[in-house]
Amino acid sequence: EFSFDECTIEDFVNEVEQLMTNTPGCIGNNAWVELLAFFDVNSKLQIEEQIGAICTSGYKEQYLPFEVIMGKHFQFSDEFFDGGTTWNYENESRDDASRIKMVQENHANRAIGMPDVHNFKKCELRAAMCCYVASRKGTGVDAEPEDNSDACYMDFSGAQQSSHVRDGYSIYGNGVEGNLNCHGFAWGDDVGNADNALKGNSLFQVAMYDSLYEKGLAEELPGAPMCGCVEQMPVVTKANCTKVEVDQTVDVNYNGSLTEFSVNVEIRTINHVPCTDNDLSSHYQDLVEEGKASQMEKDYLDTRLVGEGNCPGAISTFLSEKGFSFS
C-alpha cells in the first residue's frame, strides 16, 4: 500500500524500490527491471504507461463529465469552444449558463473530466488558452473585453475543424484586432501530476466560470477557436494564467490474489490561483524548472506566446515560410 500527495511515475517507482529494500530476496534488485517482469512489458515507456493508467484510475472513477456541466450535447461543447452557440451570441441571456454557478458552488472540489471536443485532443505542449474579442457582462450590448494581449497572426491550417478551411491565415500586429483578452493554463508531463489529472477543472475555471460567467467574455478571432490547445490558437504576445492547487491523498493498494492495483483519490479542496506574474509563459518556465516540461517545449511555446513587442518578428518568420517578406 502506497500513499501520495501526487501519484507520479517517479513516486510510484520510488515506493516500489523502498518496499524491495525491505523484502528478502529483492534487496539490491532494480525496480525498473522488476516492473518489466511484473507488467509483462518490454520497455520503460510501457512501464510508465501502466503506472500512469493505475494512477489516473482513481480520478476517472469520480470525474464529473464536462457535458454534464454544460447540460448540452457534446456538439454544443464543440461549437461553444469555437466561439458559437447562444452562450456566446446572446446578450444577457444566460438562464442555461447559470448552471455554471451551480457547479462552482456544489462541485468545486470534485474532479472534472476534459470535454470530448476537437479543441483539446492534441495538446502536445500540455497548455491551453482562450482568447476573446467581446464582452457582454452587464451592458446588454456588445463591448470590448479588457485588453491584455495583441494578436500577431492566425494560421488556419492549425485549426482546420474550427476555421473550416484547409489552409489560410490572417495577419494582425500592432493591436489592429482591437481589444483581445487571452487566458490560459498548463499542466505537467506526468499524468499523475495533479495539474494534469485535474486539467478539466482548470478549463472549467478559466473558460466557464471566470471568463464566461464572471466576466461575460465571448467570441473568437475570425478563423480561430475561442479556446483550444495553444498549438491551435492564434499566435499572441501573452496570456494571463491560472494554476490549480489541490489538497488530496492518493492511496494505491495491491491485491495479490487478483494481481491488480486499486486507487482511491480523496480530494479535500481544489483551488485556482494566478500563476507566477499571472503569465502563462512564466508559469511554463516554472514547469520546466520543476521537471514537468522540457526546455525544448518551452522554446516552442515561445513561438506561440511571443512577448510584448515581438509580433513583427513572429509575423516575418511566419510569412518567410510562405515565401513572402514582411516590412
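On the full set of protein chains, 1.4 Å probe, figure out the accessible area of residue 164 and give it in Å² to the nearest 10.
Roughly 150 Å² of residue 164 is accessible to a 1.4 Å probe.
Quote the charge dipole size of region 106-246 about the Cα centre in Debye, to the nearest 20; the model charges only the Cβ of Lys and Arg (+1) and of Asp and Glu (-1).
320 debye
Just flag the GluC sites (Glu not before Pro) in region 1-81 sitting in loop per DSSP whose Cβ has no more than 10 other Cβ atoms within 10 Å.
Passing both the DSSP loop test and the Cβ count: 1.
Among all cysteines in the chain, which have no other cysteine Cβ under 4.7 Å from their own Cβ?
Within the chain, the cysteines lacking a partner Cβ under 4.7 Å are 26.
Would you rank 258, 36, 217 by solvent-accessible area, highest first, keeping every protein chain in place and using a 1.4 Å probe?
258, 36, 217
Might you report the magnitude of the Cβ-based charge dipole of region 1-159 about its Cα centre, with Lys and Arg at +1 and Asp and Glu at -1, to the nearest 20 debye?
300 debye
For the chain, with a Gaussian network of springs between Cα atoms less than 10 Å apart, report the residue from 126, 166, 99 with the top mean-square fluctuation.
166
Compute a Gaussian network model of the chain, connecting alpha carbons closer than 10 Å, and tell me which residue from 102, 129, 154 fluctuates the most.
102
Through the Karplus equation 6.51 cos²θ - 1.76 cosθ + 1.60, θ set to phi - 60°, convert the phi angles of region 285-291 into ³J(HN,Hα) values in whole Hz; use x for Gly and Pro.
4, 4, 4, 4, 5, 8, x
Dipole of region 197-327, Cα-centred, from +1 at each Lys and Arg C-beta and -1 at each Asp and Glu C-beta, to the nearest 20 debye?
300 debye
Along region 49-66, what does the Karplus equation 6.51 cos²θ - 1.76 cosθ + 1.60 (θ = phi - 60°) give for ³J(HN,Hα), rounded to whole Hz, x for Gly and Pro?
Using θ = phi - 60°, the values come out as 5, 5, 5, x, 5, 5, 5, 7, 4, x, 6, 4, 5, 10, 4, 8, x, 5 Hz.
For residue 62, what residues show an amide H to amide H distance below 5 Å, using hydrogens built from the backbone and excluding near sequence neighbours?
Residues meeting the amide H criterion: none.
How much area per residue is accessible in the chain when the probe is 1.4 Å and only protein heavy atoms are counted (Å²)?
Normalised by residue count, the accessible surface of the chain is 47 Å².
Skipping prolines and chain starts, which residues have an amide H placed within reach, meaning under 5 Å, of the one on residue 226, given they are 5 or more residues away or on another chain?
Close amide H contacts, sequence-distant or interchain: 82, 83.
Could you go through region 20-27 in sequence order and give the Karplus-derived ³J(HN,Hα) for each residue, using 6.51 cos²θ - 1.76 cosθ + 1.60 with θ = phi - 60°, rounded to whole Hz, and x for Gly and Pro?
5, 5, 10, 10, x, x, 10, 4
If you add up the charges near residue 176, with Lys and Arg at +1 and Asp and Glu at -1, over every other residue whose beta carbon is less than 13 angstrom from its beta carbon, what do you get?
Cβ neighbours under 13 Å give a net charge of -3.
Connecting C-alpha atoms closer than 10 Å in a GNM of the chain, tell me which of 211, 257, 163 has the biggest fluctuation.
Maximum fluctuation in the GNM of the chain, among the listed residues, is at 257.
If you take the charge dipole of region 102-178 about its Cα centre, with +1 on Lys and Arg Cβ and -1 on Asp and Glu Cβ, which of 159, 130, 112 is farthest toward its positive end?
The Cα lying farthest towards the positive end belongs to 112.
Pairs 121/238; 101/137; 72/101; 101/215: which exceed 18 Å Cα-Cα?
Where the Cα-Cα span goes over 18 Å, the pairs concerned are 121/238.
Compute, for residue 23, the solvent-accessible surface of its heavy atoms (probe 1.4 Å) with the complete set of protein chains present, and express it in square angstrom to the nearest 10.
Answer for residue 23: close to 60 Å² accessible.
With all protein chains present and a 1.4 Å probe, how do 299, 251 order by accessible area, largest first?
Heavy-atom accessible area, descending, gives 299, 251.
Once amide H atoms are built 1.01 Å from N in the peptide plane, which residues 5 or more positions from residue 149, or in another chain, come under 5 Å H to H?
Long-range HN contacts for residue 149: 180, 182.
The values are calculated or read from the model by the stated rules, or taken from the named source; none is laboratory data. Note that this is a predicted model, so its numbers are computed, not measured. Please note: Cβ atoms are built from the backbone with ideal geometry, for glycine as well, and neighbour counts cover all protein chains shown. Accessible surface is based on the protein model in full, side chains and every heavy atom, while ligands, DNA and RNA are left aside. Shrake-Rupley method; radii C 1.70, N 1.55, O 1.52, S 1.80 Å.
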